[in-house]
């Protein structure tokens with residue numbers, strides 16, 4: 001499909017007027033294409049050759065409007081670091097329409113009604129981080145928003161210093177957040193709340209439309225999806241950094257990539273956001289925050305469904321999380337059948353990684369080829385005793401497997417990525433991009449699409465994080 005053949009729809013605009021605000025994008029000065037995602041273009045049925053046209057850059061920049069474009073910002077509230085803020089909304093994101101059930105959103109396209117004191121812009125560093133990380137999470141098999149393209153410009157934007165403005169065209173099957181429901185519940189606008197719930201069900205849970213007690217079933221499914229997402233984050237070593245309720249997807253997606261981090265050396269208490277002084281959103285606390293946020297959603301939905309019934313649903317959160325986490329870790333450890341008894345083996349392993357300051361991703365990739373020779377694994381830590389003790393227990397546990405070691409290795413190599421996009425890697429891409437060189441963006445995009453492959457030309461990205469760059473904290477504007 002050519003750009004002039006696109007026909008956008010805007011189902012969100014069918015909701016009551018207070019759910020959104022009409023706004024026009026503000027184009028950047030002298031925009032240029034940095035990267036386009038052919039896989040996402042294919043999802044949208046956009047021809048690959050259209051991605052190199054002038055009109056494509058203008059589409060991302062808000063200058064070219066496809067047929068059916070009706071641009072707007074979405075309204076929501078949210079608990080930010082545990083404190084309720086009654087009115088937030090898309091401060092620097094502008095929705096332009098929907099293709100094939102996927103909503104297109106320009107992030108960094110200018111001020112909206114919800115920008116507060118912000119300029120509505122995104123800078124090159126934050127845009128590169130979001131563009132690459134959303135693709136990396138998809139490559140890891142974790143539900144996430146995606147991105148069609150990223151553009152740069154000569155537009156000056158001030159943060160701590162003057163930087164270049166950028167726009168990412170984000171794509172998602174839903175942009176509805178926990179905080180969207182909180183907004184209308186707080187204002188006691190229950191008709192709008194019900195309309196929003198009906199919309200979210202039709203959009204993300206259409207099998208529930210005709211169900212009796214559909215709002216209860218809706219909440220129950222959100223509990224399950226959130227528990228699964230939290231388990232996947234923990235298993236792969238991903239720290240989101242800002243798990244406010246306005247950054248939680250009703251569809252169970254990873255959204256809003258800010259000061260995130262993949263773990264360097266394993267640290268249960270890792271804090272990747274320097275604003276998070278007390279570690280509310282530390283790596284190890286993410287599953288608890290997932291439940292906390294669900295309870296905030298439960299309160300927002302209470303005008304539509306009884307709290308007692310929802311309480312029964314949320315009581316299953318811990319069990320659902322544990323089941324998914326054990327499944328994910330069982331795959332990473334090459335265990336054929338995982339039971340609750342394996343919890344001790346996993347805790348023992350994580351304790352050894354923490355004590356020895358071992359790189360989380362590299363450890364599992366190395367373990368994926370473990371055949372009884374401990375040499376390569378023991379090289380990962382300064383001391384041998386804690387790891388030897390765990391390997392004794394692991395060897396004994398592997399005796400329960402019936403398949404061959406070769407089969408175990410093959411399975412583990414598909415469960416343990418060779419590459420994750422650590423912050424030092426992204427920073428190099430950003431530093432080079434600031435000079436006008438986007439080669440590293442291209443490289444990281446390639447490995448993000450298939451992080452389990454060997455990628456022989458990119459071996460330097462598969463090692464231990466350089467000491468000077470380990471476990472750095474970032475700001476929310478990152």
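Values in this text are rule-based calculations from the coordinates and carry no lab data. These numbers were taken from a predicted model, which means no experiment stands behind them. Virtual Cβ from ideal backbone geometry, glycine too; neighbours counted across all protein chains shown.
Once the gyration tensor of the Cα atoms in the range 144-220 is diagonalised, the equivalent ellipsoid follows with semi-axes of 37, 17, 8 Å, ordered largest first. The alpha carbons of the range 335-413 stretch over 33, 25, 19 Å along the principal axes, in descending order.
Here is how the number arises for the chain: DSSP H runs of 4 or more residues each give -39500 (n - 2.57), the sum is divided by the residue count, and the result at 222 nm is -12500 deg cm²/dmol. Paramagnetic label reach from residue 117 (point 7 Å along Cα→Cβ; backbone nitrogen cut-off under 17 Å): within the range 147-189, residues 158-161. Shown is the FRET efficiency for residue 277 and residue 450, computed with R0 = 35 Å from the Cβ-Cβ distance and rounded to the nearest 0.05: 0.40. Computed on the range 50-103, the Cα convex hull volume stands at 117 Å³ per residue. Roughly how tilted is helix 214-236, in degrees to the nearest 10 and between 0 and 90, from the longest Cα axis of the chain? Between the helix axis and the principal axis of the chain, the angle is about 50 degrees. The Cα atoms of the range 28-124 give a gyration tensor whose axes a ≥ b ≥ c have a/c of 1.5 or more with a/b greater than b/c, which makes the shape prolate. For the range 249-400, a Kirkwood radius taken over Cα pairs fed into Stokes-Einstein (20 °C, viscosity 1.002 mPa s) yields D = 119 µm²/s. DSSP finds beta bridges in the chain, and of those with both partners inside it, around 95 percent are antiparallel.
Straightening the chain between residue 347 and residue 160 buys 63.2 nm, computed as 0.36 nm per residue apart minus the Cα-Cα spacing. If one computes P(r) from the Cα atoms of the range 397-453, what percent of pairs lie at distances over 14 Å? Of the Cα pairs, 64 percent sit more than 14 Å apart. For 361, 245, 465, 375, the sequence from fewest to most other C-beta atoms within 10 Å is 375, 465, 361, 245. Return the percentage of antiparallel bridges among DSSP beta bridges fully within the range 3-172, rounded to the nearest 5 %. Around 95 percent of the beta bridges assigned by DSSP in the range 3-172 are antiparallel ones. Normalised by the number of residues in the range 173-295, the mean separation of alpha-carbon contacts (under 8 Å, six or more apart) gives a relative contact order of 27 percent. Across the range 3-172, C-alpha contacts under 8 Å between residues 6 or more apart give a mean separation that, scaled by the residue count, equals a relative contact order of 26 percent.
Only Cα pairs under 8 Å and 6+ residues apart enter the sum, and on that basis the relative contact order of the chain stands at 15 percent. Both radii are taken from the alpha-carbon atoms of the range 3-172; with Rh as the Kirkwood radius, Rg/Rh is 0.95. Neighbour counting of Cβ atoms within 10 Å sorts the residues 124, 353, 380, 28, fewest neighbours leading, into 380, 124, 353, 28. Placing dummy labels 7 Å off each Cα toward the beta-carbon, the span from residue 322 to residue 406 is 3.9 nm. Each Cα pair of the range 185-248 feeds into the Kirkwood radius, which the Stokes-Einstein equation turns, at 25 °C and 0.890 mPa s, into a diffusion coefficient of 180 µm²/s. A Förster radius of 30 Å combined with the Cβ-Cβ distance from residue 376 to residue 471 puts the calculated FRET efficiency at roughly 0.80. Here 458, 32 are placed in order of increasing Cβ neighbour count within 10 Å, fewest first, which gives 32, 458. With the cut-off at 40 Å, report for the chain the share of all Cα pairs above it, as a whole percent. Here the tail beyond 40 Å accounts for 21 percent of pairs.
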